[in-house]
Amino acid sequence: MGLPSHDDLVARARTGDRTAFDALVNESYALVYSTALRLTGDPEVAADATQDAYVRAYNSLPSFRGQSAFTTWLYRIAVNVCLDHLRRRSRQPRSLDTAVTSPDDTAPLPLPAATQTPQQETERRERQRLVQEALLRLSDEHRTVLVLFDLTGLTYEEIAQVTGVPLGTVKSRLNRARLALRDELGPHLELFDPL
């Protein structure tokens, strides 16, 4: 007998099987945390939001009806938790010099491609830093659609389900978000390919 399917794990988790839920957490954790990190910009807040999202998901499993994919439902919970954390968090001034890292600061930096020069690698890291800073200056709505579409790879339809807004709103919000991001990156556009 092989490993249980994703759908089997969801069905078992809905009946209270913690082992099945743990398996679902293991297969989705990296993407949920990454999404939370991009939405919040803070590794500690992202870790807390990810944990809170899984607690909410576990407690809400009996009400999951399967009208959307489990991962779409989970993303909706995670996005809502992140937005709740952002609303609760006081607007303390933050240094933009603080790098976004893993929660335990042990994540190794990715090795540059063998064809990249040190100059190219430095420019790549600078672009990543500038994009993350620009994302954090966008509204929650704009940041959410950009992260879900461009960084997480969800479809328009999945984003509509996650955010609870109509499909047309998702498309127009994504367009406005990209324009806002371009404006935020304006002084640094020479470091990027055409957006």
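The values are calculated or read from the model by the stated rules, or taken from the named source; none is laboratory data. Keep in mind that this is a model prediction, so the values were computed, not measured. No Cβ is skipped: glycine too gets one built from the backbone with ideal geometry, and neighbour counts run over all protein chains shown.
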Please name all residue pairs, on different chains or six or more residues apart, with Cβ atoms under 7 Å, provided the first residue is in the stretch 167-188 and is in contact (Cβ under 8 Å) with a residue 24 or more places away in the chain and the second residue is of a type outside the set (A, V, I, L, M, F, W, C) and part of a helix (DSSP H, G or I). Val170/Tyr156; Val170/Thr163; Arg173/Glu141; Arg173/His142; Arg176/His142; Ala177/His142; Ala180/His142; Glu184/Arg137
Search result, residues across the stretch 154-163 that are in contact (Cβ under 8 Å) with a residue 24 or more places away in the chain and of a type in the set (Ser, Thr, Tyr): Thr163
Scope the stretch 143-153; condition free of Cβ contacts under 8 Å to residues at least 60 places away in the same chain, buried (at least 20 other Cβ atoms within 10 Å of the Cβ) and not aromatic (Phe, Trp, Tyr); matching residues: Val145, Leu146
Which pairs have Cβ atoms under 8 Å, sit 6 or more apart or on different chains, and link a residue in the stretch 117-128 that is surrounded by 14 or more Cβ atoms within 10 Å (Cβ to Cβ) to one that is β-branched (Val, Ile, Thr)? none
When you go through Pro43, Pro62 one by one, which is the residue that is within 21 Å of Val131 (Cα to Cα) and in contact with a helix residue (DSSP H, G or I) (Cβ under 7 Å, 6 or more places away or on another chain)? Pro43
Pairs, please: C-beta under 6 Å, at least 6 apart or cross-chain, first residue not assigned by TED's automatic domain parsing to the domain that holds Gly153 and in the stretch 16-40, second among the aromatic types (Phe, Trp, Tyr) and surrounded by 12 or more Cβ atoms within 10 Å (Cβ to Cβ)? Phe21/Tyr58; Val25/Tyr54
Residues satisfying the stated conditions in the stretch 135-160, i.e. within 14 Å of Gly41 (Cα to Cα) and among the polar types (S, T, N, Q): Ser139, Thr144
Looking at the stretch 45-67 only, could you name the residues that are modelled with pLDDT under 90 and out of contact with any Lys or Arg (no Cβ under 8 Å at 6 or more places or on another chain)? Ser63, Arg65, Gly66, Gln67
Matching residues, the stretch 26-52, being crowded, with 17+ Cβ neighbours inside 10 Å and more than 14 Å from the chain's Cα centre (by Cα): Asp52
